[in-house]
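Taking it in order: structure first as structure tokens, then the write-up.
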Amino acid sequence: MSLISKAAKEHILSRKELVEVLSGGFDDELFSAADEVRREFVGDEIHLRALIEFSNACARGCLYCGLRAGNRKLERYSLEGGEILDFTRKAVSEGYKTVVLQSGEGVYPNSKLVNVVCEIKKLGVDVTLSAGEKTFEEYALLKEAGADRYLLRIETTDRGLYKRLHPPVGELASHTEPGPRRGHPDMPFENRVRCLKDIRELGYEVGTGSLVGLPEQTLESLADDLLFFKELDADMIGIGPFIPNPDTPLGSAEGGSFTLALRMMSLTRLLLPDINIPATTAMETLEPNGRLIALQSGANVVMPNVTGDDYRRKYEIYPNKVSAGGNIREQIAAIGRRVADTVGKSKRFISRKA
Ligand code: 5AD
């Protein structure tokens, strides 16, 4: 039996086997097996999530990200609750069943976000949050307010690399931009793992994921990322290639490849067959039709940006970030799939609860 058929059947591979698949050589078999497993476990429906980038203010110093506190070129904004609700109402009227509220980290007040979540829940849609590391209490308050899911990518499980990419905020503050800073003064790997455990314990659907093609990232460490997803028993996994942003310290780094990111995504589908996997914006940014290719290699979710052009331009995590064009529904129909009209909770989550 080939490695790929083994993974498609047993949903586990060893670290060594994962590295072998990640090295290439199995691509056609891998991508079509992931498409097959996706069809068998989560079906042909694609879930659309309305992405609202509600604040680009950030207290963190992640070396790869354009929103990092040290980037003075970025004009910062934070939406008021009313404005977030306006975008949400528009999305609901267009048929979206889930909104994803995403922001930088450690600046937007949690209490304000709690109020927004309460209001959105009255509209009858699911709420996914992607607002970084918080305390257990903060996550608990958001859950009580009605939030359904939380996305927090681990970014990389390589401890050394993680440490180099996430310098302590105190250090950053002393030689770059001052500004409001809250939360954990440092950004250790252990705190991120703690956050994911808290999120799980509180009953959220748990989303994580990683960046592919970071400087000095190895195939072994990518294999470890996959094993981490499996061990965490995640409900959603978002994977994208690293795209260098010239306004960050990694501006002249090489950047990730579309194909390697796609291999990671397809392997994720084989290992965690019944979860939700988005075709990420970074994939579409790097490769024309990248999103459709991803949807045919294991993905079942798309997150179109509904924030409006003015804000979208300022939410520049990396350059030339695309949004799902207005014709995403037609594109989905053209590949023989259909847009779901349910909230699309992760099947993994539902069967774990049952
Ligand atoms: N290229 C691609 N993705 C990035 N992210 C941050 N910076 C970059 C970049 N330069 C991703 C991180 C984060 C998500 C919101 O955006 O994985 O979790």
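The values are calculated or read from the model by the stated rules, or taken from the named source; none is laboratory data. Keep in mind it's a predicted model, so treat the numbers as computed, not measured. Ideal geometry is used to build each Cβ from the backbone, glycine not excepted, and the neighbour counts take in all protein chains shown. Please note that ligands, DNA and RNA were not included when accessible areas were found on the heavy atoms of the full protein model with its side chains. Shrake-Rupley method; radii C 1.70, N 1.55, O 1.52, S 1.80 Å.
Is one or more of the residues making up segment 277-291 free of Cβ contacts under 8 Å to residues at least 24 places away in the same chain, over 22 Å from Val92 (Cβ atoms) and open to solvent by less than 20 Å² (accessible area, probe 1.4 Å)?
The answer is yes, given that some residue of segment 277-291 is free of Cβ contacts under 8 Å to residues at least 24 places away in the same chain, over 22 Å from Val92 (Cβ atoms) and open to solvent by less than 20 Å² (accessible area, probe 1.4 Å).
Before we move on, is Val92 within 22 Å of Val322 (Cα to Cα), open to solvent by 20 Å² or more (accessible area, probe 1.4 Å), β-branched (Val, Ile, Thr) and more than 16 Å from the ligand (Cβ to nearest atom)?
yes
Would you check which residues across segment 121-152 are part of a strand (DSSP E or B) and within 16 Å of the ligand (Cβ to nearest atom) and list them?
Answer for segment 121-152, where residues must be part of a strand (DSSP E or B) and within 16 Å of the ligand (Cβ to nearest atom): Thr128, Leu129, Ser130, Arg149, Tyr150, Leu151.
What number of residues within segment 9-20 are in a helix (DSSP H, G or I) and open to solvent by less than 30 Å² (accessible area, probe 1.4 Å)?
Of the residues in segment 9-20, 2 are in a helix (DSSP H, G or I) and open to solvent by less than 30 Å² (accessible area, probe 1.4 Å).
Among the candidates Leu267, Leu260, Leu227, single out the residue that is touching a residue at least 60 places away in the same chain (Cβ under 8 Å), of a type in the set (A, V, I, L, M, F, W, C), in a helix (DSSP H, G or I) and surrounded by fewer than 18 Cβ atoms within 10 Å (Cβ to Cβ).
Leu227
Could you tell me whether any residue of segment 96-103 is within 16 Å of the ligand (Cβ to nearest atom), open to solvent by less than 30 Å² (accessible area, probe 1.4 Å), among the small types (Gly, Ala, Ser) and part of a loop (DSSP other than H, G, I, E, B)?
no
Specify the residue that is most open to solvent (accessible area, probe 1.4 Å); the eligible residues are those in segment 323-339 that are at pLDDT below 95 and not in a helix (DSSP H, G or I).
Here the answer is Gly326.
Out of all the residues in segment 35-77, which are away from the ligand (no atom under 16 Å from the Cβ), in contact (Cβ under 8 Å) with a residue 12 or more places away in the chain and of a type in the set (D, E, K, R)?
Asp35, Glu36, Arg38, Glu40, Asp44, Glu45, Arg72, Glu75, Arg76
Could you look through segment 292-304, keep only residues that are open to solvent by 20 Å² or more (accessible area, probe 1.4 Å) and not in a helix (DSSP H, G or I), and pick out the one that is nearest to Lys90 (Cα to Cα)?
My answer is Met303.
Considering only segment 221-262, state which residues are more than 13 Å from the ligand (Cβ to nearest atom), out of contact with any Phe, Trp or Tyr (no Cβ under 8 Å at 6 or more places or on another chain) and under 28 Å from Leu129 (Cβ atoms).
Passing the criteria: Ser221, Leu222, Asp224, Leu226, Leu227, Phe228, Phe229, Lys230, Glu231, Leu232, Asp233, Ala234.
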